[in-house]
Amino acid sequence: MNWRVLIAGAVVTVPLVSLLAAGFGRDPKLRSNALEGRDAPSFSLRTIDGEPFSLADAKGSPVVVNFWSTWCQPCKIEHPVLMDAAEAYGPAGVHFVAVIYQDDVSKVRAYLNRAGSHWPTLEDPGGRTAIAYGVAGVPETFFIDKDGVIVRKVSGPVSQPIMVTTLEEML
Amino acid sequence: MRSLLLALALCAATPAVAAGDDADIVEELANAQLPDPPMEDPPEEATAVARTERLQKALRCPVCQGLSVADSPADAARAMGNRIEELVLQGYTEDQITEYFVDRYGAWVELEPPKEEHQTLFIAPFVGLSLGVLVLLVWARRREDGEPEAVPSYSPDPALSQYRDRILAELDEEAL
């Protein structure tokens, strides 16, 4: 066997295969959570019923901010998890807030009338709050601790174990 | 003057909000979430348009695959484009606006990553190519200068000569 050819082949193929393995081994849609560990961007919005809501008013309590829309099926799958969590942790002082992402308020109202909700649902004119939170698809959920710091961001529907674990850590 | 321009920009970008007469909310929304004030005065219209277009082409649509904000028809891209326009009209510089989006979405949001931060990535292919050419040249030079490879010499085994002679004789007979 010609060892020199073998070594030359390995020098070319091993880095190439490693590069491809690294590239195909991760989901290209997953991106770094740029805001984790940093202060949550402030926002003052109105609920779909016209009531004002400011994130600053909730400071001192853990807050769960969920970006969602009615055209997003995973958001509907996630809805019961949020309902259960709001029911269980709302009395313990956790604030739940939903922010509408690129959707029509009438559709949101109709959906919430059917599915119910235990939290204020906020309109986000111009999508500024979604941009401030770096939302790149829904659902995305931000867990904000008592000091106003984002401790976790979940892209995609939040599972019950993740919801419970994160909230228990924040309380 | 600045607030007038801001109000005009917001009217253009978000008619739904402006129509709601919630001036306080509009003002708060426009200024919320921005860590630093604008570094410049609001630019003139032509400058603002050019800056907005450059930024919309340089930043990535957050819900698309490889499309800029300018090229994408998605609602999210439109919202981002409007936000860029608002910030430009307020006097935020291109660097400030880019930093604002990178801060939220990560470096991924820039379609072309800044070269100074990823120099290795840009240089690596040229280094690899140069090394490959160098190896080939060295190999070719050695091949030219080196001794020709020795051809193994054939020396018939004397013990087998009788068989060889017999085969050759038979072949001769068949040929006749």
Descending semi-axes in whole angstrom, ellipsoid equivalent of region B:74-162, from the Cα gyration tensor: 69, 17, 8
Table column - 3J(HN,Hα) (Hz), region B:86-101, Karplus curve with 6.51, -1.76, 1.60, x for Gly and Pro: 4, 5, 4, 5, 7, x, 6, 7, 4, 5, 4, 5, 4, 4, 4, 6
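With the Cα gyration tensor of region A:75-131 giving a ≥ b ≥ c as the square roots of its eigenvalues, does the rule (a/c under 1.5 for rounded; else a/b larger than b/c for prolate; else oblate) give rounded, prolate or oblate? It would help to have the intermediate numbers written out before the result.
Working: a/c = 2.27, a/b = 1.44, b/c = 1.58.
The shape class here is oblate.
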Tensor-based shape of region A:28-170 (alpha-carbon gyration tensor, a/c under 1.5 rounded, otherwise prolate or oblate): rounded
A:D145 accessible area, assembled protein chains, probe 1.4 Å, Å²: 30
Accessible carbon and sulfur surface of region A:28-170 relative to its total accessible area, %, 1.4 Å: 51
Computed label-point distance, nm, for sites A:L171 and B:V138 using a 7 Å Cα→Cβ extension: 6.6
Dipole magnitude of the protein assembly as shown about its Cα centre (Cβ charges: Lys, Arg +1; Asp, Glu -1), debye to nearest 20: 420
In Hz, Karplus ³J(HN,Hα) per residue of region A:69-84 (6.51, -1.76, 1.60; θ = phi - 60°; x = Gly, Pro): 7, 7, 7, 9, 5, x, 5, 6, 5, 6, 3, x, 5, 5, 4, 4
Peptide-level mean, for A:119-130, of C-beta atoms on other protein chains within 10 Å: 5
Helix A:105-115 axis, angle to chain A major axis (alpha carbon atoms, nearest 10°): 90
Contact surface B-A: accessible area buried, both sides summed, square angstrom, 1.4 angstrom probe: 2200
Magnitude of the charge dipole, chain A, Cβ model with Lys/Arg +1 and Asp/Glu -1, debye to 20: 700
Cα-Cα P(r), the protein assembly as shown, percent of pairs per 20 Å interval: 23, 41, 16, 9, 7, 3
Charge dipole (the protein assembly as shown, unit charges on Cβ, about Cα centre) - positive-most of B:M80, A:G127, A:F67: A:F67
Rough spin-label spacing in nm, given labels placed 7 Å along Cα→Cβ, for A:W71 and A:R4: 6.3
With DNA, RNA and ligands ignored, accessible area of B:K115 (1.4 Å probe; Å², nearest 10): 120
Helix A:160-170 vs. chain A, principal-axis angle (Cα, 0 to 90°, nearest 10): 70
Karplus-derived 3J(HN,Hα), 6.51/-1.76/1.60, for each residue of region A:35-48, Hz, glycine and proline x: 9, 4, x, 10, 4, 5, x, 6, 7, 10, 10, 10, 6, 5
Average partner coverage of A:134-141, which counts Cβ from other chains inside 10 Å: 4
Average partner coverage of B:99-107, which counts Cβ from other chains inside 10 Å: 5
Two-decimal ratio, region A:1-99, of alpha-carbon radius of gyration to 2.2 N^0.38 Å: 1.93
Positive-end residue of A:T166, A:G9, A:S42, charge dipole of the protein assembly as shown with Cβ unit charges: A:T166
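Going by average Cβ density within 10 Å per residue, which order do the peptides B:68-80, B:124-136 take, highest to lowest?
Taking the mean over residues of other Cβ atoms within 10 Å, the ranking is B:68-80, B:124-136.
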Accessible area in the full protein assembly, largest first, 1.4 Å probe, for A:H79, A:H95: A:H95, A:H79
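The values are calculated or read from the model by the stated rules, or taken from the named source; none is laboratory data. Because the structure is a prediction, the values reported are computed rather than measured. All Cβ positions, glycine included, derive from the backbone under ideal geometry; neighbour counts span all protein chains shown. SASA here: full protein model, heavy atoms, side chains in, ligands and nucleic acids out. Shrake-Rupley method; radii C 1.70, N 1.55, O 1.52, S 1.80 Å.
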